[in-house]
Structure formats: structure tokens, C-alpha cells
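Remarks on the structure that follows.
Derivation of every value follows stated rules applied to the coordinates shown; laboratory data play no part. For clarity, every value in this text was computed on a predicted model and none was experimentally measured. Because the Cβ atoms are built from the backbone with ideal geometry, glycine has one as well, and the counts that use them run over all protein chains shown.
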Amino acid sequence: MLQAALDLGGTRIKFGLISNGQCVVTSSLAIPSSERFATVLPLIEAEIYRMMRESGFTRLDGVGMAFPTIVDSDRMRLLYQYVKYTDANDLDLTTWAKARWNATLVMENDARAALVGEWQFGAGQGVDNLVMVTLGTGVGSAALVNGRLLKGSHYLAGNLGGHQTIRFDGKRCNCGNIGCLESEASSWALPEMIKRHALYAESPFAQGEKPDFEAVFRLATAGDPLAVSVRDHCLEAWAAGILNLVYAYDPDRIVIGGGVMHSAELILPFIQQKIAQAAWLPVNAVQVVAAEQPDWAGVLGMGYLGTTKKGITVFKI
């Protein structure tokens, strides 16, 4: 049984061919700036055909696609517009997969796909109460409760950890809410946070340093006051958001991935300590660990969900 598993990001699509539960080949494809997913589908088709041809496969049984939006994984449709491709939720992708390969389509939210990938093949192995958090451009999340993927009545459950309010008088988020975790500590919010800081004019950022988390953590280690302030603010924000997820889902393990994890040696102990201080739990009841499949968890997760045909058992609240 051959599955094509796709993880659709903002600038790249990651592909994997999964045969009998094993990822036999991977690929990554840069995608052009576009507002129409229909124009990208031919590129996806060509890449899947190329991978099949070069791997010696002639038949495709299933296609799994992970999207960074809310996904109805029962009816295989997107419920909200995907930011980059505003037409994607109007397309009948089930019919598309059937027409191209006579293949079954499985769709899921990208954070849930990454959680499943880490659960089966990475840092979440052996744990059936698990939360996945991705700290990067935004903040993604997903939850597994008693071995069941949490989805909820409207497919939101566990997914919007980045849009929980952690500061009711905070900044307006790009979602329209006030004081979201993302608006307080994410890559998209970081440049404005730095620019508005009282110490900006005296900082290396005013001299052309790139306003990203790599620079923030590096300069904070060197003692730059602005970088220390921003770093500490983001650490507190991430810890507050993750502590809320602990309260909500009571996991045994938190798996953290995303672009900021080059500083895992600072981030993980900080969050672990905050949980130990504030959670109503025995010491070390919740492990905080780094993702082991940071690049391919979504692909591996979609491969697993596709192989199990209808996906893993879900808990509808």
C-alpha cells in the first residue's frame, strides 16, 4: 500500500512516499507566491508522479494532506480559508485524488499531523496523553488524550493554543483578538515588538541586526539589554500558554518543536520549572521535551493517518 503524504507550509510543501508504514523517499518543493491553490495542484501532481517514477512505484493508494487551518477530517474539507490559498476550501480534493490516482484522500490540520508523527515516530512514543506545541512563525498546538486525537464538535479542540488569551490588555493579534499568545511571542510579532522597545535605538537591531529569535537569544546571551528583555518576555509568554495547555489536557509529556528550538537548552528547562512551580501536580509529572522529527513530523503523521485509512480514534467533545 503506497501513500503520498504532504505537509503544506507557507513557502514549501514537504512530500513523503509511505510504503507499508515506512517512509521510502522524501522531497521538498518551493511553491510560488499565489492566492489560488488550484494553480498549485498541477505542481503537486507532477512531484508525486516524479517521486513514484524514480522509486519504481506505479500505483498510489492514498493521499494525505496536512493544512495549516481548521480541517474537517471526516468530510475531508477545509473549514476556513487557508491564508495563502484562499480558494483551497472551495476545492473538492477528494474527487481530485480519485480522478488522478484512484486514491483515497485523508486531510488533517498540520499541528495534529505533527503530533501524530511525534507520537508514532518521535519524542511522543510510548505516551498516550500528549500535547504538541510548535513555536515559530505562529504557535500551533494539538492534543492526544488517552490515545485519542482531540478534535471537538467543530474541529477546533487543541488546535488554537496560539490564540488563547494570555494578556487581556495586550496587543491585537492578526486573528482580531486581544492578547493572544502569538501576538506576545511569535516570529511574526517579533519585529514590531523589537522596534517598539524603549531600548531599540541603542540596540544592534537598530544597526541592521535581523529581528529574529536566533538573534534575540544570541544577543541576550551576550548581555544586550533589549534582547534580554524580549527573550525573557517570550519565555514567560510561552510558559504561560503551555501551562494553560497542561491545565486543559493533563498530558504526561509536552513535545515542543518549531524554529525557536535552536535555543532548546534555555527554553525547555524554563518551561519545565514553570510547570513544576504552578501546576497542581507531583514533581516531574509532565515531561517537557524537544521534538525529534522537527522537519518531517507532519509528513510522517499524515502517512500514519493515511495508512490507518480512517485515521486514529478521535475523541469528540
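Some notes on this structure:
- Beta bridges per DSSP, both residues in segment 31-163: antiparallel share near 60 percent.
- Dipole magnitude for segment 1-102: computed about the Cα centre from +1 point charges on Lys and Arg Cβ and -1 point charges on Asp and Glu Cβ, it is near 200 debye.
- Computed over segment 125-290, the percent of Cα pairs more than 28 Å apart is 22.
- Under 12 Å from the Cα of residue 98 - aspartates and glutamates, other chains or at least 8 residues apart: 61
- Estimated at 0.36 nm per residue, the fully extended path between residue 167 and residue 19 surpasses their Cα-Cα distance by 48.7 nm.
- Helix axis angle, 41-55 relative to the chain longest principal axis, alpha carbon, degrees: 70 degrees
- Computed from Cα positions, the angle between helix 110-121 and the longest principal axis of the chain comes to roughly 80 degrees.
- With the convex hull constructed from alpha-carbon coordinates only, the chain shows a mean projected area of 16.7 nm² over all directions.
- Spacing of the two label points (7 Å from each Cα toward its C-beta) at residue 156 and residue 80, in nm: 0.8 nm
- Of the cross-linked pairs 84/151; 84/195; 14/151; 84/274; 210/274; 195/274, those separated by over 31 Å at the C-alpha level are 84/274.
- Among 136, 160, 260 the positive-end extreme of the charge dipole of segment 125-290 (Cβ point charges): 160
- Percent RCO, i.e. relative contact order, over segment 122-177, from Cα pairs under 8 Å lying at least 6 residues apart: 25 percent
- The chain, dipole about Cα centre (Lys/Arg Cβ +1, Asp/Glu Cβ -1), debye to the nearest 20: 680 debye
- Computed [θ] at 222 nm, helices only, for the chain once each DSSP H run of length n ≥ 4 contributes -39500 (n - 2.57): -10500 deg cm²/dmol
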